[in-house]
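The values are calculated or read from the model by the stated rules, or taken from the named source; none is laboratory data. Note that the structure is predicted; figures quoted are calculated from it, not measured. Quick reminder, even Gly has a Cβ in these numbers, built from the backbone with ideal geometry, and neighbours come from all protein chains shown.
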Amino acid sequence: MKLVWRLKWMIMVLAVCLMVPMGSCSDDDDDNGNGTPTPDLTGIWTYIGDGMRQTFVVTENTIKVTIETDVFEDWLTYRLVEGNYTTDGDNMQITITRIGTPNADLTGSTYYTKDDAEWAAMLLSLEMTDEVLDFIFTVAGDKLTLKEDIDDDGEVYTKGSEAVTPVYQANWAQTFLDDEGEKKMNLTVGAVNFMMSMQFNAQVAWITVIIGEGSIDVNDELKVVTVYLTRVGVLNPQTNEMEYYEPDDPGWDDALTNGIGMPESFSLKWSVSGDELTAIIDMNGDGVYDEDGEVYTRVV
């Protein structure tokens, strides 16, 4: 069935903000097995039909898919799918690693993996029974065609639709003064990734003093981005070198509390007007946001 096929394909493709070309640096490997260049799959792709919108991004080897349904002329998130993929010639194999479903109170999403008891039910909700999928693909200009087999007509997806590019996905910066001098906060918000840094103006150059990196979960209905930090960096004043910490490191909690002054997970309500982003933060996940938002300017 076409619907089954479309749902399978969505798995292939949404992820990360910075798009990198597929393939290796070797000219010998940069073809699809018949002497022609391997098509570039990276970027945002979209399909709208049968009361559904599928938005996805392909990076070098990962995917993230948002599946939405049309409810009273509004798009509501149905499933969030993440995975990895490989290509061999015109063949593609996708392995689903996580499936998310929005919480009933619209406070975020709950994700399931193969180790969870709900995994089979999550696959069935996408009309699938296995997390490994195989396709035949072709790319022509801004059109991607995917087939389950050579005799299948396939479905056609369009690349680079502005309608599905969230306005918050950009680089943002805010410059401010405090008792220590002039500082700058930088935010990079992508399709699935998040990075923040704070810099100090040392007159001759901006010096980065803290860095936070992680993944995000987006609730478009509430305009909320939930950030899950996976790595933080703190400048060591003795060595003038950045020291990085991850969740399994002994210094992780101290780096969060005393280094960057942020929890491991927090939420931001956002609004965009022209080149300005207003972000209002909920530091402890209790649904209560600061009264005053912080205004950032788009960095081109």
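Computed values, structure above
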quantity: Residue tally, condition more than 14 Å from Leu235 (Cα to Cα), surrounded by fewer than 19 Cβ atoms within 10 Å (Cβ to Cβ) and touching a strand residue (DSSP E or B) at 6+ places or on another chain (Cβ under 7 Å), over the stretch 194-213; calculated: 3
quantity: Unique match (being within 23 Å of Thr297 (Cα to Cα), touching a Leu at 6+ places or on another chain (Cβ under 6 Å) and in a strand (DSSP E or B)) among Val225, Val218; calculated: Val225
quantity: Unique match (being modelled with pLDDT of 85 or more and not assigned by TED's automatic domain parsing to the domain that holds Asp248) among Leu126, Leu146; calculated: Leu126
quantity: Selection count where residues are more than 30 Å from Val65 (Cβ to Cβ) and in contact with an Asp or Glu (Cβ under 8 Å, 6 or more places away or on another chain), scope the stretch 179-208; calculated: 3
quantity: Residue that is of a type outside the set (Phe, Trp, Tyr) and touching a residue at least 60 places away in the same chain (Cβ under 8 Å), where the choices are Ala255, Ala279; calculated: Ala279
quantity: Test for Leu124: is it without any contact (Cβ under 8 Å) to a residue 40 or more places away in the chain, part of a helix (DSSP H, G or I) and exposed (fewer than 14 other Cβ atoms within 10 Å of the Cβ); calculated: yes
quantity: Residue among Asp28, Asp40 that is in a loop (DSSP other than H, G, I, E, B), more than 16 Å from the chain's Cα centre (by Cα) and modelled with pLDDT under 50; calculated: Asp28
quantity: Test result for Thr87, surrounded by fewer than 21 Cβ atoms within 10 Å (Cβ to Cβ) and at pLDDT 85 or above; calculated: yes
quantity: The listed residue being more than 22 Å from Tyr111 (Cβ to Cβ), among the acidic types (Asp, Glu) and part of a strand (DSSP E or B), out of Glu213, Glu243; calculated: Glu243
quantity: Single condition Glu276 does not satisfy, out of (1) touching a strand residue (DSSP E or B) at 6+ places or on another chain (Cβ under 9 Å); (2) closer than 24 Å to Thr110 by Cα; calculated: (2)
quantity: Residue identified as at pLDDT below 55 and surrounded by fewer than 17 Cβ atoms within 10 Å (Cβ to Cβ) among Lys2, Lys8; calculated: Lys2
quantity: Selected residue (criterion: farthest from the chain's Cα centre (by Cα)) from residues of the stretch 224-263 that are under 30 Å from Ile67 (Cα atoms) and surrounded by 15 or more Cβ atoms within 10 Å (Cβ to Cβ); calculated: Arg231
quantity: Any chance Asp116 is among the acidic types (Asp, Glu), at pLDDT 85 or above and not in a strand (DSSP E or B); calculated: yes
quantity: Among (1) closer than 19 Å to Thr59 by Cβ; (2) hydrophobic (A, V, I, L, M, F, W, C); (3) in contact with a strand residue (DSSP E or B) (Cβ under 6 Å, 6 or more places away or on another chain), the one test that Val167 misses; calculated: (1)
